[in-house]
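Here's the structure we're looking at; comments come further down.
What follows is calculated from the coordinates using simple rules that are stated; it is not laboratory data. Remember, it's a predicted structure, so these values are computed and weren't measured experimentally. Cβ placement follows ideal geometry from the backbone for every residue including glycine, while neighbour counts extend to all protein chains displayed.
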Amino acid sequence: MSLCGLLAVQLLLMWQVELPTEVAKQNPYTSVADVQHGKRLFAANCAVCHGPDGSGGRGANLARPKLQRAPDDHALFMVIRQGVPGTEMPPAWLVLNEHEIWQLATYVRSLGRVAQEHVPGDARAGGKLFESAGCTGCHQLGSAGGRLGPPLTDIGSRRGAAYLRTKLSEPASSLPEEFLQVQIVTRDGKRITGIRLNEDTYSIQLRDLSDQLLSFWKDELVSIEKQPGRTPMPSYRDRFSEGQLDDVVAYLVSLRGAL
Amino acid sequence: MRVTIFLLLVGVISQAQVTFERLRHAESEPGNWLTYSGNYSAHRYSALDQINTQNIGHLRPSWVYQLDALDKAETTPLVVDGVMYVTESPSNVVALDTRTGRALWSFRRPAPKDVRICCGQVNRGVAVLDDLVFVGTVDARLIALDAKTGSVRWNVTVADYKTGHAITAAPLALKDKIVVGMAGGEFGVRGFLDAYDAKTGKQAWRFWTVPVKGEPGSETWAGESWKNGAATTWITGSYDPDLNVVYWGTGNPGPDWNGDVRSGDNLYSDCLIALDADTGKLKWHFQFTPHDVWDIDATEIPVLVDGVFREQPRKLVLFANRNAFYYVLDRQTGQFLHGKPYARQTWATQLDDRGRPVPAPGAQPTETGVKVYPHSAGGTNWFSPSYSPKTNLFYVAARESGGVVYKGEAEYRPGAEYNGGGLRNIPGEPGSGAIRALEPMSGELRWEYPLFSPPWAGVLSTAGGLVFGGCDEGYFFALDAASGKPLWRFQTGGKIISNPMSYLSDGKQRVAIAAGHAIYVFGLEE
C-alpha cells in the first residue's frame, strides 16, 4: 500500500470513530411528525432484521421499554449510529444524518412504551395474595422464587395491566415464542411433563415440574408429545375474586425492578 | 542418516501447477478438491470410497483448525496436492497442511469499517489456477495470491463497496479467466457477473444482469427502476467446457418485497443465465420467479448432468431453487423440461408448460403482512446440493418453513438498505428440514431424512455410498445414499453453515466441514 493510501485509510478510520461534536443527552426530536418519519426510516432500514413492528427477527426485539444496549437516549443514538461491532447490526451513520437517527430513536422508543394505565387494585394486598397463592413457587422476584415460570422482577415495565389480567385468567392466552410444554415417555415407561430447554434432531433437554434438568437421546424415548398453547400455570379466574385479581395485577404492575 | 532423508522426503508437500486441464478433469483426481463444487459440473460428489457404508462407524476427527474470525464460517475448503485453502471472515485465506492441520501461510486483510453487507461478513471459498489462489472480498475486490506464500500478486476493484457491493462467493477459474459474482441485492445495486484475466487482473468481460434502458429485457423494468434492480450473482456457478458456457444463478430484484416501483418481469433477476465463457455474452436465460416480491433469489447451484430425459439423451442442468421448485432444463437451449415442488410452497399455483409460475392469489406482501411458504430463506438456499452418478440421485438440503412478508416503503439512497418491506417468522411455526433424495429427471422423492430445524448446510455424496450433511444444532452426519438411513454423526459444537468436501491425505480419505468457527477434518480410525 502506498503512503498516500495508508494515510487515506487512517483518515477514514479517524472519520469513522469521530463522533458528532456534541451528541445531545436527550432526544431533541420527539414530535408526532418525528415519530412518523422515524417509522418510515425504520421500515426502510431496520424492519428487515428487527421486524416491521420492532418485535424482533434476525435482530433483537425492540418493542420493550428497556433496551439492553441502550438504557438512555444518548446510548440509543450511539447504537443506531455506530452499529454493534461483532454483530450484523450495521452503523447507520453511513446513510442517515443526525436528525434522522434521532427520529429513528424516537420511533424505536415508541415501540416499547407501555401506556400508563389506570390500575384499580391495591398493590399491597396483591403482594400478599401473590405470596399466599404460591406464585413464588414458580416465579422469581429478584433472586428468590422458583424457576419454572418466567421471572417477574420487572414485569410491570414490560407488560400492561390488561395483558397481565388476561394472563392470570387465561395463562395459555399468550406464551413466549420459545416456551413449549412437552410430555415424554421413556422406554422404561416413565411419563414426564416439563418445559423444553433445548432440542435437536437427536436429543431433547427439559426442566420437569419438580425443577429437575433432564436430557434424553430421542432413541431412549417412546414418545415426545409437544403441547403448544399449554402451560403448567393454573388459571386464577376462579381462585381469586374480581377484586383480588385487580389487586394482584396492581402488584405486578408495581414490579419494575432492575433488568 | 537414511532415516532422516526418508522423513524429509515424506514431509515435502509437492505442489504442481493447477492447470485448466486439471480443473477440467477434476473428476480424475478425487484426492484433490479443486473447485468450490468439486468439479465444473457442480456435482459436489467425491469418487473416493475408502470411507463407506460398511466402515463409517469408525469415522473420527483427524484434526480441527480453529478460525480466528467469529463471523459465520461458510467456507468450502479446496485441497491441492497436500494443501488445504480455507477462507474466513471477512475475506482472509489460510493455507493448511492437510496431514497435520497446521498453517503454512495466511493472508489477513481487515475490511474497511464501513462495509455494507446484508448477512454477515462471510466468504465461501477460493478458486485456484496455475500457481495462484483467488479470493473475493467484502469490500468488492478480487485478489490473486501466490499459492505458496499467500503474497498478493494483484488486487483489483470489482465495484464500489460504499454503494453496497460485496463479494462473498468463491470465484470460478476457467481457461485463463477468473469469473466472480457479487452481492448487494439488499442495497439497490445493479447486478453483474465479471471475468478477469487470471495473470493480470485485467477485466475480461462484464455481463450486466439488469439491462440498461433500450437493451433487450429493459422493457421488463418500469421507469428508471432498472438502475437499482439488484439481480446479484452471489453464489458460484458451473461451467460446461465442451459448450464453453458458464451457468450462473441471479438474485432477487430490488427492492426485495415491494414490487410496485418495478412492474414487469424484472429480467434477469431470479434467473439462470448461460454466458459464453470467452465473451460474457448471453446465450440464453431462464427466469424462475418473474417479478419476485418474496426475496427468493435464484442464487443456488446449477448442477450439470448428461442424462436421458423422456428417452432422449440430453445435456441438462438441474436446479433446486429457493422458490421451492426443482427444475430440469436443457442446458444447450435453456428450454424448460420439467418442474416440481420439492418443499412446501404457496406463492404459485403451478408452473405452466414453459415453466413460468402462475402466481397464487393473496400471496403478495402487504403492509400488514401475508403468510407465505417458503419463508424468504427459501425451500433451499445458497448451500450446495449434490448429484451422485453412482446412485443417480440429486440430493438437496430442504427447508420447510413459512414466513410473513410485509410490503413497506423503500427510498433508494446509495449505500442504504433498499428492501421495501421485511419478513417475520410465523409465530409458533419454527419450521423443520430434511435431506431429500430426488430422482433427477422427475424430481420425485426417493427418500428423505428429517431434520429438526431448517438447515443452512449443503450436502456431499460419495462413491462410498454416503451423503454427508450438517445441521443448525451442530451435528455433522452421514446417511446411506441409497436409502437415507442415518449411519454416523458427530456433534461439532457449532452451527453448520457450510458445505462438506472430501480429499486424500497421505492416501487416506478425509471429509471436511466448517462448523462453528472451525474446520473439522475426519478420517477412519486407525
Long-range alpha-carbon pairs in the stretch B:389-526, meaning those over 25 Å apart, account in percent for 40 percent
Quick one: if you stick a label point 7 Å off each Cα along the C-beta vector at A:GLU225 and B:GLU219, how many nm between them?
6.3 nm
By what distance, in whole Å, do the Cα atoms of the stretch B:277-316 stretch along each of the three principal axes, largest value first?
37, 29, 16
For peptide A:195-201, compute the average count of partner chain beta-carbon atoms within 10 Å of each residue's beta-carbon.
4
On average, how many beta carbons from a partner chain sit within 10 Å of the beta carbon of a residue in B:409-416?
4
B:GLN335 versus B:GLU29: modelled label distance in nm, points set 7 Å from Cα along the beta carbon direction:
3.8 nm
Of the listed pairs B:LYS199/B:LYS281; B:LYS72/B:LYS113; B:LYS148/B:LYS175; A:LYS218/B:LYS390, which have alpha-carbon separations greater than 24 Å here?
A:LYS218/B:LYS390
Go through the stretch B:38-55 residue by residue and turn each phi into a ³J(HN,Hα) via Karplus (6.51, -1.76, 1.60, θ = phi - 60°); whole Hz please, and just put x for glycine and proline.
x, 8, 5, 6, 6, 7, 6, 10, 10, 7, 7, 10, 4, 8, 9, 4, 7, 10
For the stretch B:463-477, Karplus-derived ³J(HN,Hα) couplings (6.51, -1.76, 1.60; θ = phi - 60°; whole Hz; x for glycine and proline) come out as 5, x, x, 10, 10, 9, x, x, 9, 4, 8, x, 7, 9, 9
Could you work out how far helix B:2-11 tilts from the main Cα principal axis of chain B, as a 0 to 90 degree angle to the nearest 10?
0 degrees
Stokes-Einstein D for the protein assembly as shown at 25 °C, 0.890 mPa s, Kirkwood Rh over Cα pairs, in µm²/s?
87 µm²/s
So what J values fall out for the stretch B:202-215 if you push phi through Karplus, 6.51 cos²θ - 1.76 cosθ + 1.60 with θ = phi - 60°, rounded to Hz, Gly and Pro as x?
6, 5, 8, 7, 9, 10, 6, 7, 10, x, 6, 3, x, 7
With +1 on each Lys and Arg Cβ and -1 on each Asp and Glu Cβ, and nothing else charged, work out how big the dipole of the stretch B:103-239 is about its Cα centre, in Debye to the nearest 20.
300 debye
P(r) tail fraction, the stretch B:336-401 - alpha-carbon pairs more than 16 Å apart, %
59 percent
Expected sort for B:326-335, B:224-233, B:303-312 on mean C-beta neighbours within 10 Å, highest first, is B:224-233, B:326-335, B:303-312
Counting only residues 5 or more places away or on other chains, whose amide H sits under 5 Å from the amide H of B:TRP488 once H atoms are built in the peptide plane?
B:ALA478
Run the numbers on chain B and let me know its relative contact order in percent, using alpha-carbon pairs under 8 Å that are six or more apart.
15 percent
Can you tell me what percent of all Cα-Cα pairs in the stretch A:22-111 are more than 23 Å apart?
9 percent
Farthest toward positive dipole pole in the stretch B:51-99 [+1 Lys/Arg, -1 Asp/Glu at C-beta], among B:ASN92, B:LEU78, B:ASN55
B:ASN55
Virtual spin-label span in nm between A:GLN36 and B:GLU429, 7 Å along Cα→Cβ:
3.5 nm
Answer with one residue from B:VAL317, B:ILE426, A:GLY126: the one whose Cα lies farthest towards the positive end of the charge dipole of the protein assembly as shown, charges on Cβ with Lys, Arg +1 and Asp, Glu -1.
A:GLY126
Cross-link partners of B:LYS283 among aspartates and glutamates (Cα-Cα below 20 Å; sequence separation of 8 or more within a chain):
B:ASP194, B:GLU215, B:GLU219, B:ASP240, B:ASP242, B:ASP265, B:ASP270, B:GLU300, B:ASP306, B:ASP330
For a quick check: with amide H placed at 1.01 Å from N, whose amide H comes under 5 Å from B:HIS338's, ignoring anything fewer than 5 positions away on the same chain?
B:VAL328
